[in-house]
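Step one of this worksheet: look at the structure below.
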């Protein structure tokens, strides 16, 4: 409304603070990105590994109660080893493509759509700094990405604890498992989400940003596996997104014993400390690159 219009009235109310503005940007973007019936199908598809484990746990507890304790507690070695095994299974080189597609597809339009619709001019015409805008958008990306990390993992953990029960010394293990799950999920969504956010900021086309994000997150793993066929070197494995995620999660969970019925299937051979450092460093770099790009953005 023009200030020269007779019906214009100067706003006399309280102006919300900085954190309210950031949270408003995050929640509004989350609602836009997470709307549509196709999202439900994609959500179920990309969470199939965790959904399968959860359903197996529920139906086994109903029809074969003894199997649950024998398999999850006896075979895998406890709730911490079970949760690590599920994360490992979800982000192994063969299945990591599913969460990558979900995170990239849903978040590729986070900034690109604002540029396409010229909404950036509306945002920056208000008392909103570009770094606050970037933080709000980053939070929305992390919130969306949590639906292939935090949300299904915590659903499984709660289901597991309700069916198995918690008592005595096991309480400490359960609490540490919840904290480790949260830390692992946050590290993954920060790492992947920051990369997707940057590619969403480089173009007005969300499809282009999504494709570039998928290529950057998935191609290194493919190239590393091909090189490993000809060259035997441990450092090559650090180019695999799947392997560094598994190594980081393995360390966060305290290197749990993953011997399934006496056979070690899921122990990571990479340095968890190096993997965590790489993920945090890359995430920070891409987040700073996004902020820098927004400050260079000219709006009219």
Note to self: Going residue by residue through region 158-173, is there one that turns out to be under 16 Å from the mean Cα position of the chain (by Cα) and either closer than 26 Å to residue 35 by Cα or at pLDDT below 90 (or both)?
What the structure shows: no
Next item on the list: May I ask you to list the residues in region 245-272 that are at pLDDT 70 or above and in contact with a strand residue (DSSP E or B) (Cβ under 9 Å, 6 or more places away or on another chain)?
Entry: 267
Next item on the list: Tell me the helices (runs of 4 or more DSSP H) entirely within region 62-125 that contain at least 2 residues that are at pLDDT 85 or above, in contact with a helix residue (DSSP H, G or I) (Cβ under 7 Å, 6 or more places away or on another chain) and over 24 Å from residue 150 (Cα atoms).
Entry: 112-116
Notebook entry, point to check: Given the conditions (1) free of Cβ contacts under 8 Å to residues at least 24 places away in the same chain; (2) crowded, with 24+ Cβ neighbours inside 10 Å, which single one is not true for residue 188?
Noted result: (1)
Check: Has region 227-244 got any residue that is part of a loop (DSSP other than H, G, I, E, B), touching a residue at least 60 places away in the same chain (Cβ under 8 Å) and out of contact with any strand residue (DSSP E or B) (no Cβ under 9 Å at 6 or more places or on another chain)?
Finding: yes
Next item on the list: Answer with yes or no whether residue 217 is under 14 Å from the mean Cα position of the chain (by Cα) and either more than 18 Å from residue 86 (Cα to Cα) or part of a helix (DSSP H, G or I) (or both).
Entry: yes
Next item on the list: Run down 203, 194 and say which single residue is out of contact with any strand residue (DSSP E or B) (no Cβ under 9 Å at 6 or more places or on another chain), buried (at least 16 other Cβ atoms within 10 Å of the Cβ) and not in a helix (DSSP H, G or I).
Entry: 203
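The values are calculated or read from the model by the stated rules, or taken from the named source; none is laboratory data. Please read these numbers as outputs of a predicted model, since none were measured by experiment. A quick note on method: Cβ atoms are made from the backbone with ideal geometry, for glycine too, and the neighbour counts reach across all protein chains shown.
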